Amino acid sequence: NVTQEYYIYTPNDERIGVQSHGWWWWSIRDESGEVLRQYKSSATNPSIPALWVEDFIWRDGLLLGSQRPVEMGGRRHFHLDHLGSPRLITSDSGQLVSYHDYYPFGDEKSGYWQEVAGGFDREEPMKFTGHERDYAGGMGAEDGHAVDYMHARYYSATVGRFLSVDPGRYELERPQSWNRYAYVSNNPTTYNDPTGREQPFNAASYDWSGFLKGVDSVVSAVTEDYRNAREAIAGMGTSASLNENVMGVAVLGIIAANTSVAAIEPEQRGGVQILKNAAQGKAAELAVGTELKAEGKVILGSQVSAKTSEGTRVIDHLVQNGSGVRAVEVKSGNATRNAAQVAKDGAMAKDGATLVGKNAPAQLKGQTIKIETEVRRPNE
């Protein structure tokens, strides 16, 4: 027997309609693609009014609860594991509705027919990591042949692979990303995939200490440049972005191996030089910040955005200067301010600038003040 299903998607490729077994199942989604409400309507008689099926409540992408018609159990609560999978569903009175155990890649170990056997009209569609699970037998008719709708792609928990290639990019330094069908870099007990796209590298949770110890063990002479770059990475902390960490790793690798940019493969030199310069700049910012504190200066904020008549200027360090403030622009090596930076600094001094963004000090945020700029280099 062949089962045919039809699907309707939005221009953003979010699925909103499924026709199966004589019914259309409609999903109303929020801007992030999460299902807020589901209806069903007759696929053979459009004059029959649509029936409300279920509402869903989410918090930060995690499924908290749902509401069904009273005769279908009413309100229910979802108890999630660390991946966001509903492992236990209970009623508003605390009674067990269903429980769900999964193998590492999401194939279900527990019974398929728990809710239908308990008198409900369908099984809960939100399954592994909170995604909708479709069955060959139709929505709500579980038979073990399932795929999960993960927005950008469909995923088979049975084989632990996506059914189409990753629409995102692969990363050369992460061989697991080369497999365009792999699920979360083959690490399903640690990560989930909210969108069906490439698994992002979580730099904030990565422990860089092992890398730094490895560099220490192979470097025989620690130069000042190496020390500055190493301190820059240590100063980034867990809030560092991936790009900052990659830049730090690039310069550490070059310095630790005592390799000049000229020795890098020609097609890679431009990118490596950019990363090296950026990492040296980050090290210089850290060094100047340390010097300012040693001089007794109060740093009100770093990487502070200031809107001027010439455009937005990012201030490396905003320092208390008597009753006012002063901008400290950090330069390393032979670097100088470009024409645009000079124009913005002139506008800040003459007309003033409005401090904005998350790094602006709270007491000055939104204020327009005149700011003079000082250019400093480490150890000057």
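The values are calculated or read from the model by the stated rules, or taken from the named source; none is laboratory data. Given the structure is predicted, the values throughout are model-derived calculations rather than measurements. All Cβ positions, glycine included, derive from the backbone under ideal geometry; neighbour counts span all protein chains shown.
General observations
- Close pairs (9 angstrom Cβ cut-off, 6 or more residues apart or separate chains): over 27 Å from PRO167 (Cα atoms) and in contact (Cβ under 8 Å) with a residue 12 or more places away in the chain in segment 1-30, of a type in the set (A, V, I, L, M, F, W, C) and not in a loop (DSSP other than H, G, I, E, B) anywhere: TRP24/ILE8; TRP24/VAL18
- Filtering PHE120, PHE56 for residues that are surrounded by 12 or more Cβ atoms within 10 Å (Cβ to Cβ), of a type outside the set (Ser, Thr, Tyr) and either at pLDDT 95 or above or part of a helix (DSSP H, G or I) (or both) leaves a single hit, PHE56.
- Scanning segment 306-348 for residues that are of a type in the set (A, V, I, L, M, F, W, C), part of a helix (DSSP H, G or I) and either under 32 Å from the mean Cα position of the chain (by Cα) or exposed (fewer than 15 other Cβ atoms within 10 Å of the Cβ) (or both) turns up ALA339, ALA340, VAL342.
- Within segment 349-374, restricting attention to residues that are buried (at least 16 other Cβ atoms within 10 Å of the Cβ) and touching a residue at least 60 places away in the same chain (Cβ under 8 Å), the residue that is farthest from the chain's Cα centre (by Cα) is ILE371.
- When PRO69 is tested against (1) under 22 Å from PHE162 (Cα atoms); (2) surrounded by fewer than 14 Cβ atoms within 10 Å (Cβ to Cβ); (3) touching a strand residue (DSSP E or B) at 6+ places or on another chain (Cβ under 9 Å); (4) not acidic (Asp, Glu), exactly one condition is not met: (1).
- Failed item in (1) surrounded by 12 or more Cβ atoms within 10 Å (Cβ to Cβ); (2) farther than 19 Å from ILE8 by Cβ; (3) over 33 Å from the mean Cα position of the chain (by Cα); (4) modelled with pLDDT under 90, with SER20 passing the rest: (2)
- Which numbered condition GLY33 fails, given (1) free of Cβ contacts under 8 Å to residues at least 40 places away in the same chain; (2) within 34 Å of the chain's Cα centre (by Cα); (3) under 22 Å from PHE162 (Cα atoms): (1)
- Verdict on SER66 being of a type outside the set (Asp, Glu) and farther than 25 Å from THR158 by Cα: yes
- Selection status of GLY366, part of a loop (DSSP other than H, G, I, E, B) and at pLDDT 90 or above: yes
- Residue in segment 67-79 that is touching a residue at least 40 places away in the same chain (Cβ under 8 Å) and under 19 Å from PRO188 (Cα atoms) present: no
- Remark: HIS100 falls outside the filter, which requires a residue to be out of contact with any strand residue (DSSP E or B) (no Cβ under 7 Å at 6 or more places or on another chain) and under 26 Å from ARG153 (Cα atoms).
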